[in-house]
Amino acid sequence: MKGWVITRFPDKMYGFIKGQDGRQYFFHASEVTEPILRNNLDFSYFVTLGMQAEFEASLGDKGPRATNVKLGIVRGQEDETY
């Protein structure tokens, strides 16, 4: 599924992605496929609001969860719209 980052909490290394289905999905830095997110400073610098995301949607203990997250460019700079 595709979506974009709508909320982020760098100190806790997690955030939320709004999927193209309109649902909000929790994601943790450990689910991001790029190995660049080693600590909260990396998360703060590299994960930005509006950033595109591709992910697998799943259901966690507390609700919708994004797994296998691939982050891309910031929304508004892409050719494709959601």
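The values are calculated or read from the model by the stated rules, or taken from the named source; none is laboratory data. Being a predicted model, the structure only gives us computed values, none of them experimental. Neighbour counts are summed over all protein chains in view; Cβ atoms, including those assigned to glycine, are modelled from backbone coordinates with ideal geometry.
Scanning region 1-26 for residues that are modelled with pLDDT of 95 or more and not in a strand (DSSP E or B) gives 1, 20, 21, 22, 23.
Please work out which residue is nearest to the chain's Cα centre (by Cα), limiting yourself to region 42-61 and to residues that are hydrophobic (A, V, I, L, M, F, W, C) and surrounded by 12 or more Cβ atoms within 10 Å (Cβ to Cβ). Only one residue tops the list, namely 53.
Matching residues to (1) modelled with pLDDT of 65 or more; (2) among the hydroxyl-bearing types (Ser, Thr, Tyr); (3) out of contact with any strand residue (DSSP E or B) (no Cβ under 9 Å at 6 or more places or on another chain):
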residue: 46; (1), (2), (3): yes, no, no
residue: 53; (1), (2), (3): yes, no, no
residue: 59; (1), (2), (3): yes, no, no
residue: 62; (1), (2), (3): yes, no, no
residue: 68; (1), (2), (3): yes, no, no
residue: 75; (1), (2), (3): no, no, no
residue: 79; (1), (2), (3): no, no, yes
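Filtering region 43-66 to residues that are touching a Pro at 6+ places or on another chain (Cβ under 8 Å) and of a type outside the set (Gly, Ala, Ser) leaves 43, 47.
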